[in-house]
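The structure appears below as structure tokens.
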Amino acid sequence: MWILAASAGRAVADQTVEATFGLGGEYNDNVRETRNGKGDFVSHVKPGLRYLYEAERVTAKFDYKGDYSYYMQGEAPDNYSHTLDARVLLELAEDRFFLDIAENLRPVYRQAARGDLVEGDTTRDQTDQNTFTVSPYFSFKPGERTSLKTGYRFSDIRYAEEAQPGSGSRKWVPGWSSGEASMNRNVRQQHELFGDLEHEASETVTMLAGYDLMRQEAEEQQDFYRHRPYVGASYEYAEKSTVRVKAGPMLTETDAGDRSARLYYSASLSHALDRKTLTLSSERDYTDDPETGRSILRDLNTAGISFQFDRSTLSATLGYAEYESSLQGGGNKFWRPGLNYTYELTDRLKANAGINAELDAGSTTSVTSDRYYANAGLNYELTESSWLALTYRYKMVDSSDDASSFTVNRVMIEWGMTF
């Protein structure tokens with residue numbers, strides 16, 4: 001409740017509080033996701049809370065969602081998963097000095113190469129990532145069209161451990177920063193000094209430049225310094241259509257004296273035309289691997305197109321990711337195609353369907369695995385503040401090792417309300 005404390009004492013403010021509560025039942029025919037696995041009935045309790053506070057010099061938000069799963073026949077241990085997005089932004093000196101405090105808790109795949117979570121996937125092969133950040137920074141206007149943001153950022157990043165191997169249930173254990181060594185090898189802390197400069201060269205073109213110096217410290221990984229200067233530009237060539245590019249070297253030096261230089265870049269295009277939106281992006285950067293606690297270099301390219309019709313939306317995506325070959329645990333090159341569709345049957349009844357895949361295009365081991373996902377659902381608005389949902393989800397893992405191949409079918413019904 002530190003957000004509420006930070007925002008106390010402000011007489012004139014806009015506040016929004018919204019609580020949600022959901023109850024659901026599910027049949028899962030393979031709860032441990034093994035070949036010829038056993039099924040179970042699962043009960044779900046889903047609390048949620050959203051809080052927004054806006055005052056003259058304080059902005060705060062708190063968004064929490066939880067899901068308690070109870071396995072009625074005991075084929076898997078009960079577990080509780082949750083997400084949290086909380087932030088406070090304090091304006092300590094008018095238009096000049098700010099303090100940004102944030103905490104983010106979310107489930108992620110244990111292997112970095114799995115990418116972002118597939119919506120609705122089960123909790124197997126996942127862990128919880130908790131990131132706490134404090135950043136005091138200054139904002140300046142050196143010129144009428146020039147802005148500079150510079151400051152310091154501290155981040156504490158840690159991951160939960162499985163309560164029981166293969167169960168999907170997770171728990172938090174102390175990390176080295178708490179004084180208890182070797183209990184969580186993936187806890188690490190980062191200190192950053194940064195500066196970002198933007199100059200409006202014209203009404204449509206903005207020039208970008210910046211520099212970031214990061215110090216990372218961890219118990220079981222090499223501590224290092226990383227320098228990241230960059231230059232770039234943003235061009236708005238039409239209404240709601242923008243091209244943005246950033247690039248620069250990443251220079252890393254470990255305490256053991258090892259040095260490396262890698263190119264960093266980020267490029268994106270968003271093009272809107274009538275009811276169609278096209279997006280393209282390409283980036284190279286380091287990402288965290290929860291399995292090993294290491295920073296892994298990743299190249300990620302994505303393309304997407306969406307169509308907005310009178311009562312429906314159709315979107316298609318295609319992604320290709322490549323991770324440096326030193327990544328442990330299997331594949332390091334993946335294709336990710338996806339197709340999703342929503343349709344408004346009536347003012348209160350909506351239908352949705354989607355298919356997605358994760359295709360192994362290159363493996364560092366002899367075992368390759370492709371994953372396929374499909375879903376279909378109906379959502380009915382009972383009243384302005386309550387709803388009923390029926391969902392079917394299918395998952396298939398096709399492995400070159402037959403013993404690791406399996407399928408999962410899940411049928412879920414959920415009632416929820418907002419108050």
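Any read-out appearing in this document is the output of simple, stated calculations on the displayed coordinates, not a laboratory observation. Only a predicted model underlies this, so the values are computations on that prediction, with no experimental measurement involved. Every residue, glycine as well, gets a Cβ built from its backbone with ideal geometry; the counts of neighbours run over all protein chains shown.
Could you tell me the calculated FRET efficiency between PHE309 and ASP14, based on Cβ-Cβ distance and R0 = 51 angstrom, to the nearest 0.05?
Computed FRET efficiency for PHE309 and ASP14: 0.90.
Just to confirm the filter: which GluC sites (Glu not before Pro) across region 342-387 are DSSP coil and have at most 15 other Cβ within 10 angstrom of their Cβ?
GLU384
Hey, what number do you get for the chain at 222 nm if only DSSP H runs of n ≥ 4 count, each worth -39500 (n - 2.57), divided across all residues, to the nearest 500?
0 deg cm²/dmol
What is the sum of charges around PHE41, taking Lys and Arg as +1, Asp and Glu as -1, for the other residues whose C-beta is under 12 Å from the C-beta of PHE41?
Spelling it out: positives minus negatives among the neighbours equals -2.
Cα centroid distance between region 283-306 and region 367-419, in Å?
25 Å
Cross-link partners among lysines for LYS65, C-alpha distance below 19 Å, same-chain residues fewer than 8 apart left out?
LYS65 reaches LYS46, LYS171.
If a/c stays under 1.5 just call it rounded; otherwise compare a/b with b/c (prolate if a/b is bigger, oblate if not). Do that for region 62-107, with a ≥ b ≥ c from the square roots of the Cα gyration tensor eigenvalues.
In terms of gyration-tensor shape, prolate.
Which length gain, in nm to one decimal place, applies between ASP78 and PHE140 when the Cα-Cα distance is subtracted from 0.36 nm times their residue separation?
This chain segment gains 17.2 nm when fully extended.
How much length, in nm to one decimal, is gained on full extension between THR131 and GLU54, taken as 0.36 nm per residue of separation minus their Cα-Cα distance?
Going from the current span to full extension adds 25.4 nm.
How far apart, in nanometres, would the label points at GLU344 and PHE97 be if each is projected 7 angstrom from Cα along the Cα-to-Cβ direction?
If labels sit at GLU344 and PHE97, their model points lie 4.9 nm apart.
Using the Kirkwood radius built from alpha carbon pairs, what does the Stokes-Einstein equation give as D for region 52-160 at 37 °C and 0.692 mPa s, in µm² per second?
On the way: Rh = 16.9 Å.
Reported coefficient: 194 µm²/s.
With N denoting the number of residues in the chain, provide Rg(C-alpha) divided by 2.2 N^0.38 Å, to two decimal places. Please report the intermediate quantities before stating the final value.
Working: Rg = 23.4 Å, N = 419, 2.2 N^0.38 = 21.8 Å.
So the chain has a normalised radius of gyration of 1.07.
Mind putting together the pair-distance distribution for region 225-315? All Cα pairs, 10 Å bins, whole percent per bin, short to long.
Once binned at 10 Å, the Cα pair distances of region 225-315 give 14, 33, 27, 17, 8, 2, 0.
In region 349-419, which trypsin sites (Lys or Arg not before Pro) fall in coil by DSSP and have 16 or fewer other Cβ atoms within 10 Å?
Here no loop site has a sparse enough neighbourhood.
Roughly how big is the chain's charge dipole about its Cα centre, with Cβ charges of +1 (Lys, Arg) and -1 (Asp, Glu), in debye to the nearest 20?
Rounded to the nearest 20 debye, it is 240 debye.
Between ALA353 and LYS38, what's the calculated FRET efficiency when r is the beta-carbon distance and R0 is 22 Å? Round to 0.05.
For ALA353 and LYS38, the calculated efficiency is 0.20.
Does region 265-419 classify as rounded, prolate or oblate by the C-alpha gyration tensor (a ≥ b ≥ c root eigenvalues; a/c under 1.5 gives rounded; else a/b over b/c gives prolate, otherwise oblate)?
oblate
Given R₀ = 41 Å, FRET efficiency for LEU273-SER147 by Cβ-Cβ distance, to 0.05?
0.85
Obtain the nm distance between the two label points defined at ALA238 and SER202 by a simple spin-label model: each point lies 7 Å from its Cα along the Cα-to-C-beta direction.
1.7 nm
Starting from a Cα-only point model with no solvent, please compute log10 I(q)/I(0) by Debye for region 267-349 at q = 0.15, 0.20, 0.24 1/Å.
Computed log10 I(q)/I(0) values: -0.70, -0.92, -1.11.
Using the charge dipole of region 295-419 (Lys, Arg: +1 at Cβ; Asp, Glu: -1 at Cβ; taken about the Cα centre), state which of GLN308, ASN375, LEU390 has its Cα farthest towards the positive end.
Checked the options; the winner is LEU390.
About the Cα centre of region 271-419, what is the dipole size in debye to 20, counting +1 per Lys and Arg Cβ and -1 per Asp and Glu Cβ, all else neutral?
With only Lys, Arg, Asp and Glu charged at Cβ, the dipole is about 360 debye.
Treat each spin label as a single point 7 Å out from the Cα along the C-beta direction, and report the TYR211 to SER385 distance in nm.
5.5 nm
So what's the net charge close to MET412: Lys and Arg +1, Asp and Glu -1, counting the other residues with Cβ under 15 Å from its Cβ?
Overall, the nearby charge balance is -3.
For region 246-315, which trypsin sites (Lys or Arg not before Pro) are both in a DSSP coil and crowded by at most 16 other Cβ atoms within 10 Å?
Sparse-neighbourhood loop trypsin sites (Lys or Arg not before Pro): ARG275, ARG311.
In vacuum, with every alpha carbon of region 188-266 counted as one equal point scatterer, what does the Debye formula give for log10 I(q)/I(0) at q = 0.22, 0.23 Å⁻¹? Two decimals, please.
-0.97, -1.02
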